[in-house]
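Read the structure below first, then the notes.
Read the figures in this text as sums done on the coordinates, not as results from a lab. All values reported here derive from a predicted model rather than from experimental measurement. Here the Cβ is made from the backbone with ideal geometry for all residues, glycine too, and neighbour counts use every protein chain on show.
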Amino acid sequence: MDGSRAIPNYVTLGQSNASDPVTAVAEATAGIDLNECRFVLVFVPCGLSLDTLGPALEAAMNGVPVFGCTTAGQITGDGYETDALLLVAFPKAHFRCASVLFHPLKPISIPDIAAVAERHAAQFRHTASWNRLALILADGVTKQEDLLVSTLEMVLGDLPVFGGSAADGLAFRETHVLHGGQFHRNAALLLLLETDLNYEGLEFDHFLPTDTQLVITDADPEERLVFEINGAPAAQEYARLVGCSVDDLCPRIFAENPLLVQHGKRHYVRAISDASDNQALSFLAAIDDGLIMTLGRGKAVVETLETGLDVCDKSGDAPDFILGFDCVLRRLEIEEKQLSRPVSDVLQNRRVFGFNTYGEQHCGVHMNQTFVGVAFFGPEGRSLA
Amino acid sequence: MSLIDPNEPPARQIERQARIIDALVRRASRQNEVGISAYSAFQSAIELQEQVAAKTRDLEKAATELESVRFDRERTRRNLDVALSAMDGGFALFTDGLLNVSNKLFQTLFPDISDRIQPRLSLSNYFALLEASASLESTDRDLQQAVRHMVGGSGGASVLSVVLELRADRWFQLNMQRISPFSVVLLLTEITAIVRQSRREREDLIDEQADYLQAAFENMTSGICTFSADGAVMMYNGPFRELLGLPFTVIQKGVRFETLLHYLRSHGLIAHDLPKPLTVLRERLRSDNAVRTRVRQGGGRVLDLQANLLPDGGFLIELKDVTLESRATEMLENRVMERTAELTRANARLTEQYEEQARVEEELRLAKERAEAAVSSKTRFLAAASHDLLQPVNAAKLMLDTLNERAASSAFAPTVKRLHRAFASTEQLLHSLLDISRLDGADPDMVTPTDVSLGVLIKGVFEDQMALADNKGVRLDAVPCSAFVRSDPVYLWRSVQNLVVNAIQYTRPGGRVLLGCRRQGNKVLLQVWDNGVGIFPQDQERIFEEFARADNVAPGSGVGLGLSVVERACRHLGHKLWLRSEPGVGSLFCIEMQQVDGTEVIDESKGLTQPDDDAPMSAIAVVIENDEDVLFATTQRLQQWGTAVLGASSTEAALAHVRDMGIAPDIILADYQLDGDDTGVRAIEAIRDLTGTRVPAIVITANRSETLRRAGEDVGFTVMTKPVQVSRLRPLIEWKIRWQSPQAQVDAPTKVGNDSGGAGSSLANGRIR
């Protein structure tokens, strides 16, 4: 926990900040022993040519499967980065996997998805005393994550699904997932994993509800667009509620002032990605007409992160590493508050590797402005001090 | 904050309220619709999630409980598995008395009944088969009875264990356990290894100990035999039997101690005494724990016997052959005794020898005393003879002087001169004889080392021998010298004189003799050179012997005692004497002496005026001389010098003359040795007493002893040795009268003078270069 440059035991990292895809691949794969490698996750920064990168990766991997997506930032061994090609190699000794690409994602065919997922899960051979989980990397702008993950949750039963939505910086235009050496738009990648390591799912945000409530009076739930709030144009009313002018609305404001929906005793964040010219607000998660929402207020982000990551296994040991799906809006807020370095330090100390998403999936629920992660521990009875 | 912006106009506010209500109603009514929308999916997902979460919590709780139950069960099963596998033996479960389950070993252990062991075999039948099996050798208890006990008695023992011995030394343990009222478990465990090992260990242990003990016993050089408490042989070794000469038939395990003893006695294997009867031995062992004694066997063998009590009340007898040791001891003792005897004898011999030696020593001492006495008497005789001979020679010389003067111009002159020379030779010979006899004597007074002035000595000798040299036609020279040496003045004088005389004698007329000294460090070499005939090397040692004469010397030239005297004197004085000579060239005689710091002695004749031979010496002299001839000669000589002489032969006569005369004489001339015990010294003292005057006195004597010289110092007289040299006598008399007469007597101390001392030097004048 206290190592400033703690190296995980059960995965190997490769990284390159080169702008040329071929060079970046060469640099990032240099330290990875592909012979011992089961599969590789790759998190792609904005700006690399995907047409070149895909084949380069495929060639460099020498037959080892590589999966990944485009991102809005990477969590590397040094914390937050924006232009790093990050490779996380999972060794054969501890991991097995099976992959499914759902394409196209929109229009979504829930029965198809359910059938394919079910079949693959059934075919994925079970190894005694190994643990199973599923990772989902979905297109971040097709707005199908809610239906996708709830379907998967239903089909896969006791297999927990964790994941993040692919991103393209802060553009919110085109996101890709990598599968079979190619980057795909309008697609989602499901990875079924089996490991002898123990894991634990993490999910937390850093918001509390305020007293301010609002009612969505006109919306397009399919497109996650809200046209009217409290009977008034949405952007205008949102600006009034958060205390700024319509012209000031920007990702930073959205990041700091999310809207929450309450269910039972819990609040779920519904993040706003954009305000359109016609006063409509574009959301990153499912909304509905007539929905009562609550304005959220931020908590200390560093402390909640630290608390959220502070998990341990039965032996009291800290995770060997944490695969992290961290919402880009959190990152925006963190950068706005100039907390990048302390947060990076925390991420680094906790050995968190992953990327900044357009949305996070945790056990069938698609959310925004949260941190979803999977903490991997050493195998039971093999405490690695 | 209210839902509706209060700043809006009321109409707008109302409109918005309406829209809100509308939206809420729409949504509420949509809740019942069936269909899938994204939000409903989300909603159902989170509902599901919550339900799942709740169920998961319940499940986890249940799972935890289940897990612990399962774990316990697993553990139990594992333990059971382990236990069963650890049994490594046959297993069978009989339910309701019939065989239910069994394993392979159980079925095949007894090959001849294996085909009969089938399910539903009754327990009793199984045991019946077992008992009948050819493979079964024995059991440790009755099987049938055990089975009846087990099967019948429900309240009886639930566990039964039987040991089965199979063929080929295989061993099994049959465990029968009632695990429920209906079922019985049979276990067959192989215990062959355990049985064999324990048996082997037991055997090995016993064998090993016995072997070890026996080996230890056998390897001991001493004979050992242990007896039980009641005196029976338990264990013995070879040496024990051999030492005692017991046949195998007699010494056996269990044989009684008394039997052994009896055998030994009756066969004469033990000379007499021991071992004591058993009871006595025991008694002593009990009190002392150990008994040690020595046993003598026939044939001179000696055994050392030691008996020790053993913990079980028995005892151990240890025998050692100590024949050699005891023999060695005896031999040593004998040898010591012999040595002691030898030593005693040697001691006696030594004592005898010592006594003999003492006796011899005593005899030697007596002989020595006798010899010394003889030598002494010889020396005394010789001294006396010389002395007595000197008296007449003295008288003759004095008379010859007188005659010489009177017959100077007569025709007898040459005869008188030759006569004079003959007497001079005789006198010298006598002097030498006297010297030799004295030097050979053991008189410690003989030599008296004092500081001697060589200058005075050389001058004296030179002057004395001037005339001799002139006569011979040899030139005599002397080199003056101021050195002092430690020596006896009389003998040194004599030695030098002899060397000079000798040199003159052996130098042809026209030759030269040189007398002088040379310093060499702190030594002084007194040398006499001549260019005479020289001495052949073969004669150079011999010439110092008495009466020796070199071959190149014409006979009759000298008696040959001179060098002998020199040699003796130098030996006594510790001076080194050597010579260098070459025939035809000359000789050098050298006396090497230690130089000392000396001061010039005040010469008592200093200031002595040149005597006038012709001027009459008018004085009254008392001459005391018991030899009539000498008295006559002396009287005549003195009267010739114009002196009035009162001659006396004894002290009394002299005293009579002095009384008659009424005045003290001017000088006393006294012979030392007078008749009887009368001496010149006594006469001098008597006259001085009588006259009350310290009359100057001269004692003339042949006695050259130091004693007299000292007496002269004490009493106050000058000693002149015989024969008197007239040339020296007159100046001495004149000097004494002038300086020592009572009138002239200042307190000048009486000085010792003699015939060489002052008188010679007083004559020092122009004749020395």
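Worth a mention:
- Farthest positive-ward along chain B dipole, Cα basis, beta-carbon charges - from B:Leu130, B:Ala654, B:Gln197: B:Leu130
- Note on chain A: helix-only mean residue ellipticity at 222 nm, from DSSP H runs of 4+ residues weighted -39500 (n - 2.57) and normalised by residue number, equals -7000 deg cm²/dmol.
- Cross-link partners of A:Lys314 among aspartates and glutamates (Cα-Cα below 13 Å; sequence separation of 8 or more within a chain): A:Glu200, A:Glu380
- Legend: mean number of C-beta atoms from other chains within 10 angstrom of residue C-beta atoms, peptide A:150-159, equals 3.
- When the pairs A:Lys106/B:Lys55; A:Lys299/A:Lys337; A:Lys143/A:Lys337; A:Lys143/B:Lys55; B:Lys523/B:Lys576 are compared against a 22 Å limit on Cα-Cα distance, A:Lys106/B:Lys55; A:Lys143/A:Lys337; A:Lys143/B:Lys55 fall above it.
- The charge dipole of the range B:364-456, taken about its Cα centre with unit charges on the Cβ of Lys, Arg, Asp and Glu (plus for the first two, minus for the last two), comes to roughly 380 debye.
- Residues whose placed amide H lies under 5 Å from that of A:Asp274, excluding near-sequence neighbours: A:Ser282
- Difference of contour (0.36 nm per residue) and Cα-Cα distance, A:Ser99 to A:Glu336: 81.6 nm
- Helical runs (DSSP H, four residues minimum) scored at -39500 (n - 2.57) apiece and divided by the length of chain B put the mean residue ellipticity at 222 nm at -16500 deg cm²/dmol.
- For chain B, the longest principal axis of the C-alpha atoms and the axis of helix B:680-691 are separated by about 60°.
- For chain B, the longest principal axis of the Cα atoms and the long axis of helix B:628-640 meet at an angle of about 70 degrees.
- Set of lysines near B:Lys472 by C-alpha distance (under 27 Å), chain-local residues within fewer than 8 positions excluded: B:Lys397, B:Lys417, B:Lys459, B:Lys722
- For residues of B:14-26, the mean tally of beta carbons on other chains within 10 Å: 5
- Leading residue at positive end of dipole, the protein assembly as shown (Cβ point charges), from A:Gly54, B:Gly511, B:Ala168: B:Gly511
- Listed from fewest to most Cβ neighbours within 10 Å, the set B:Lys378, A:Lys337, B:Lys253 follows the order B:Lys253, B:Lys378, A:Lys337.
- Sorted by Cβ neighbour density within 10 Å, fewest at the top, the residues A:His263, B:His262, A:His366, B:His657: B:His262, A:His263, B:His657, A:His366
- Sorted ascending by nearby beta carbons within 10 Å, beginning with the fewest, B:Thr64, B:Thr651 become B:Thr64, B:Thr651.
- Computed from backbone phi with θ = phi - 60° and the Karplus coefficients 6.51, -1.76 and 1.60, the 3J(HN,Hα) list for the range A:212-219 is 7, 10, 8, 10, 7, 9, 8, 7 Hz; x is used for glycine and proline.
- Here's how it looks for B:Leu476: its modeled amide H is under 5 Å from those of B:Val513, which are all 5 or more places away or on a different chain.
- Amide H contacts of B:Thr721 (H built 1.01 Å from N, in plane; Pro and chain starts excluded): B:Thr701, B:Asp755 sit under 5 Å, all sequence-distant by 5 or more or on other chains.
- Relative contact order for the range A:1-98, counting Cα pairs under 8 Å that sit 6 or more residues apart, in percent: 40 percent
- If only the Cβ of Lys and Arg carry +1 and only the Cβ of Asp and Glu carry -1, the dipole of chain A around its Cα centre is close to 740 debye.
- Here the dipole of the protein assembly as shown is about 4460 debye; that uses its Cα centre as origin and unit charges on the Cβ of Lys and Arg (positive) and Asp and Glu (negative).
- Across the range A:273-280, rounded Karplus estimates of 3J(HN,Hα) from the backbone phi angles (6.51 cos²θ - 1.76 cosθ + 1.60, θ = phi - 60°) give 9, 6, 10, 8, 5, 8, 6, 7 Hz, Gly and Pro being marked x.
- Listed by chain and number, the lysines whose alpha-carbon sits under 18 Å from that of B:Lys736, ignoring those within fewer than 8 places in the same chain, are B:Lys606, B:Lys751.
- For chain B, the share of DSSP beta bridges that are antiparallel, to the nearest 5, is 80%.
- Phi angles of the range A:45-56 translate, via the Karplus equation with coefficients 6.51, -1.76, 1.60 and θ = phi - 60°, into HN-Hα couplings of x, 5, x, 6, 6, 6, 5, 7, 5, x, x, 4 Hz per residue; Gly and Pro are given as x.
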